[in-house]
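Have a look at the structure below before the remarks.
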């Protein structure tokens, strides 16, 4: 038989685990929704010859310079985010939130592209390789847990029904023409 204290801790742990799973899902959603498209957008911009030359230099940078370049956007955007919080405090919430969102999108796009350009150099740091390995394993565990959740399965069923409904109605529209 299970000790009473374990039974008592089970419910708070399950609640905490659920909250953490929702937070992790939000982070993964932002990464999947934001990181990839924004990085792809910056890659398209980098076809412009001056940016292409800059990217070539970034790819050839030594590991320590690559690390500095990778961290630069986060450091550079931090004061802008603080300024946005000050603007919110001064009563201009919409402007402040807009600045934060734009800074986040810009930062995600640039960091994503810099990661692609500098990953091989960054992986030379043992601590970075361990951290990235941990992140990828954690991300996979969270995704597996999300996919097993009732909410995820319900959302997938809803998405499947939505697509079937759209195909049905599009088919009717084409027949009406």
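General observations
- A count restricted to the range 29-41 and to residues that are at pLDDT 70 or above and under 16 Å from residue 144 (Cβ atoms) stands at 1.
- So residue 58, is it surrounded by 12 or more Cβ atoms within 10 Å (Cβ to Cβ), modelled with pLDDT of 80 or more and either assigned to a helix (DSSP H, G or I) or touching a helix residue (DSSP H, G or I) at 6+ places or on another chain (Cβ under 8 Å) (or both): yes
- There is no residue in the range 114-130 that is in a helix (DSSP H, G or I), under 24 Å from residue 36 (Cβ atoms), at pLDDT below 85 and within 17 Å of the chain's Cα centre (by Cα).
- A search for C-beta distances below 7 Å between a residue of the range 151-177 that is part of a helix (DSSP H, G or I) and any residue that is modelled with pLDDT of 85 or more, counting only pairs 6+ apart in sequence or on different chains, returns nothing.
- Filtered residues of the range 47-71 (kept if under 21 Å from the mean Cα position of the chain (by Cα) and touching a residue at least 60 places away in the same chain (Cβ under 8 Å)): 67
- Against the test of being modelled with pLDDT under 90 and in contact with a helix residue (DSSP H, G or I) (Cβ under 8 Å, 6 or more places away or on another chain), the options 67, 105, 95 yield a single qualifying residue, 105.
- Looking at 74, 84, 25, just one residue is part of a helix (DSSP H, G or I), under 24 Å from the mean Cα position of the chain (by Cα) and within 18 Å of residue 117 (Cα to Cα), and that residue is 74.
The values are calculated or read from the model by the stated rules, or taken from the named source; none is laboratory data. From a predicted model like this one, the values you see are computed outputs, not experimental measurements. Please note: Cβ atoms are built from the backbone with ideal geometry, for glycine as well, and neighbour counts cover all protein chains shown.
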